[in-house]
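Okay, so here's the structure we're looking at.
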Amino acid sequence: MADLNPASIPLSLYIHMPWCVRKCPYCDFNSHAVPDGKLSLDLEQEYLQALVEDLKIQVNFAQGRHIHSVFIGGGTPSLISAKGYQWLFSQLKSLIPFEDGCEITLEANPGTVEHDPFAGYLDAGINRLSIGVQSFNTDHLKKLGRIHSNADAVNAIHLAKEAGFARVNVDLMHGLPEQTLEQALYDLKLAVENGATHVSWYQLTIEPNTVFFRTQPILPVDDVLEEIQAQGEAYLTAQGFVNYEVSAWRKEKPSAHNLNYWQFGDYLAIGAGAHGKVTQPDGVYRFQKTRLPKDYLAKVPAEHVQFKRIEADDMPFEFMMNALRLNQGVDAKLYAERTGVSLAGLDELLSSLRTRKLMVDDQTRISCTEQGHVFLNSVLEEFL
Ligand SMILES: C[S@@+](CC[C@H](N)C(=O)[O-])C[C@H]1O[C@@H](n2cnc3c(N)ncnc32)[C@H](O)[C@@H]1O
Ligand code: SF4
């Protein structure tokens, strides 16, 4: 592997907040129901302190870089108070400064917005919200075990805009139990008409270790799923949204944080179960923190981390599974810069994919064609 230059690679920060009011039956994220549906101030403070200690052991990974973007995901990060975030950011910035204009996104659940007004989050420095709506349909919200009504979801978007958030992402899922085409399109319509500036539109997947895996709800048949996908895409496009990644639609700037993941950038990660990726002069490493909040809090930071070096043989797949998710792909130069491996080793495969019209016929880019995106999983398998 050639020498790597971390200084040329943007460095983001992921912060994981592992608690939710209750666990949704489809969710396999590292999220845990909080006792009595409320996070005590003591636990909030203990966890925030642990996050700061966690970043302390990662300062060296920065190699002099500042933080390019921050994403606070969960779980339900809107269970943490605005005051808590204000304190947290001041501590984190004293360890590694944030770049000017650093994008800071917070995932918010419409069922927790009365907990802390959005204006407080804006004052704390959060400048982008990602609201987990999932659906605006009352029956679907019930089936999904959500803690909010459709009115709460609409209200949350309006409260965010009124508080001064210019950038509001709405998370929606489709292919919900017994969902019709009309219902799926209606969900998109409500997100757009209520002012979402970005929509993350995911097809529901049934994950092992979830209630849905055991109960196997009845999902729409393939023909309906295909129609939802096609008509949903047409609708969002007609509304001026640009699809820049498999599930991401934007009417404004792309998410700087997610873009950095997909461009194989670096990210520090703090919090229970958080995953990070860092480039050092001698290689690229992934790491993961202890998953259970109580174990994470009980251990000293150096004990709750597992490292794995990404070997040169694994680089093609590791890089492509991120870069090829982007509709425009990436500049071909990024491959060597971010993996330390020459792109020449992939010449034959890239040329074959270009001949088969699965990748764009342009040597300066690594990008799938429309056809390549339809068969993305098969394309990726070729890099294994
Ligand atoms: C980490 S979750 C956090 C969002 C927030 N906790 C909430 O639910 O309000 C991020 C997003 O992933 C999506 N998601 C979660 N489980 C999914 C599944 N099984 N299939 C598809 N999308 C899923 C949902 O849209 C969710 O908003
Ligand atoms: S609120 Fe979000 S993170 Fe929590 S269980 Fe539901 S989907 Fe998962």
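Restricting attention to the chain, give the cysteines that have no other cysteine Cβ less than 4.7 angstrom from their Cβ.
Isolated Cys, the chain: C20, C102, C368.
Please calculate how many Å² of accessible area the chain carries per residue, with a 1.4 Å probe and no DNA, RNA or ligand atoms counted. Before the final figure, lay out the partial values.
Details: 17100 Å² over 384 residues.
Dividing the accessible area of the chain by its residue count gives 45 Å².
Can you compute the radius of gyration and Dmax for region 1-137, using only the Cα atoms, both in Å?
Calculated on Cα positions, Rg and Dmax stand at 16.0, 53 Å.
Given a Förster distance of 51 angstrom, what is the FRET efficiency for K357 paired with E303, based on the Cβ-Cβ distance and rounded to 0.05? Kindly include the intermediate steps, with their values, before the conclusion.
Working: r = 51 Å, r/R0 = 0.99.
The value I calculate is 0.50.
By how many nm would the segment from A230 to D314 lengthen if fully extended, with 0.36 nm per residue of separation less the alpha-carbon distance? All intermediate terms of the calculation are to be shown ahead of the outcome.
Values: separation 84, 0.36 × 84 = 30.24 nm, distance 3.37 nm.
This chain segment gains 26.9 nm when fully extended.
Determine which aspartates and glutamates satisfy two conditions relative to K299: a Cα distance under 15 Å, and not lying fewer than 8 residues away in the same chain.
Hits, sequence-local ones excluded: E46, E53, D54.
Under the definition of Cα pairs under 8 Å and six or more residues apart, what whole-number percent is the relative contact order of region 257-308? Please list the in-between numbers first.
Values: 67 pairs, mean separation 13.8, N = 52.
It comes to 27 percent, rounded to a whole number.
How large is the translational diffusion coefficient of the chain in µm² per second when you combine the Kirkwood radius over alpha carbon pairs with Stokes-Einstein at 10 °C and 1.306 mPa s? Intermediate values should be presented prior to the final figure.
Working: Rh = 21.9 Å.
Value of D from the Cα-based Kirkwood radius: 73 µm²/s.
Take the alpha carbon gyration tensor of region 20-67, find the square roots of its eigenvalues, order them as a ≥ b ≥ c, and report rounded if a/c is under 1.5; if not, report prolate when a/b exceeds b/c, else oblate. If you can, show how the numbers build up before the last one.
Details: a/c = 4.36, a/b = 1.83, b/c = 2.39.
Oblate.
So for region 6-260, averaging the separation of alpha carbon pairs under 8 Å that are six or more residues apart and normalising by length, what relative contact order in percent results?
Working: 435 pairs, mean separation 46.0, N = 255.
18 percent.
Zone of R22 (label point 7 Å along Cα→Cβ, backbone N under 14 Å): which residues in region 123-162?
141-149
Where does region 149-202 land on the Kirkwood hydrodynamic radius, alpha-carbon pairs, in angstrom?
Result for region 149-202, one decimal place: 11.7 Å.
Each residue of region 348-356 in order: what ³J(HN,Hα) in whole Hz does its phi give by Karplus 6.51 cos²θ - 1.76 cosθ + 1.60, θ = phi - 60°, with x for Gly and Pro?
5, 5, 4, 5, 5, 5, 5, 5, 7
Excluding same-chain pairs closer than 8 in sequence, count the lysine pairs in region 6-260 whose Cα atoms lie under 29 Å apart.
Close lysine pairs under the 29 Å cut-off: 28.
In vacuum, with every alpha carbon of region 248-359 counted as one equal point scatterer, what does the Debye formula give for log10 I(q)/I(0) at q = 0.15, 0.16 Å⁻¹? Two decimals, please.
-0.77, -0.85
Please list 57-70, 271-284, 293-306 highest first by mean number of surrounding beta-carbon atoms within 10 Å per residue.
Numbers: 57-70: 17.6, 271-284: 20.0, 293-306: 15.1.
So the peptides 57-70, 271-284, 293-306, ranked by packing, come out 271-284, 57-70, 293-306.
Counting only residues 5 or more places away or on other chains, whose amide H sits under 5 Å from the amide H of G271 once H atoms are built in the peptide plane?
H16
With no solvent and one equal point scatterer placed on each C-alpha of region 329-384, evaluate the Debye formula and give log10 I(q)/I(0) for q = 0.14, 0.15, 0.20, 0.27 Å⁻¹, two decimals.
-0.34, -0.39, -0.70, -1.22
Looking at the P(r) of region 65-181, how many percent of alpha-carbon pairs lie beyond 25 Å?
Percent of Cα pairs beyond 25 Å in region 65-181: 27.
Whose amide H sits under 5 Å from the amide H of V284, counting only residues 5 or more places off or on another chain, with H placed in the peptide plane?
Amide H to amide H, under 5 Å and 5 or more residues apart or across chains, V284 pairs with I310.
Place a point 7 Å from the Cα of A33 along the Cα-to-Cβ direction; which residues of region 199-217 have their backbone N under 18 Å from it?
209-215
Can you compute the charge dipole magnitude of the chain about its Cα centre, using +1 on each Lys and Arg Cβ and -1 on each Asp and Glu Cβ, nothing else charged? Give it in debye, rounded to the nearest 20. Could the numbers behind the result be given before it?
Numbers: 33 positive and 48 negative charges, 133 e Å.
Here the chain has a charge dipole of around 640 debye.
Carbon and sulfur: what percent of the chain's accessible surface (1.4 Å probe)? Each step should come with its number before you reach the end.
Numbers: 8900 of 17100 Å².
In the chain, the share of accessible area belonging to carbon and sulfur is 52 percent.
The values are calculated or read from the model by the stated rules, or taken from the named source; none is laboratory data. All values reported here derive from a predicted model rather than from experimental measurement. In this analysis, Cβ positions are derived from the backbone assuming ideal geometry, glycine residues included, and neighbour counts consider all displayed protein chains. What goes into the accessible areas is simple: the full protein's heavy atoms, side chains included, and nothing from ligands, DNA or RNA. Shrake-Rupley method; radii C 1.70, N 1.55, O 1.52, S 1.80 Å.
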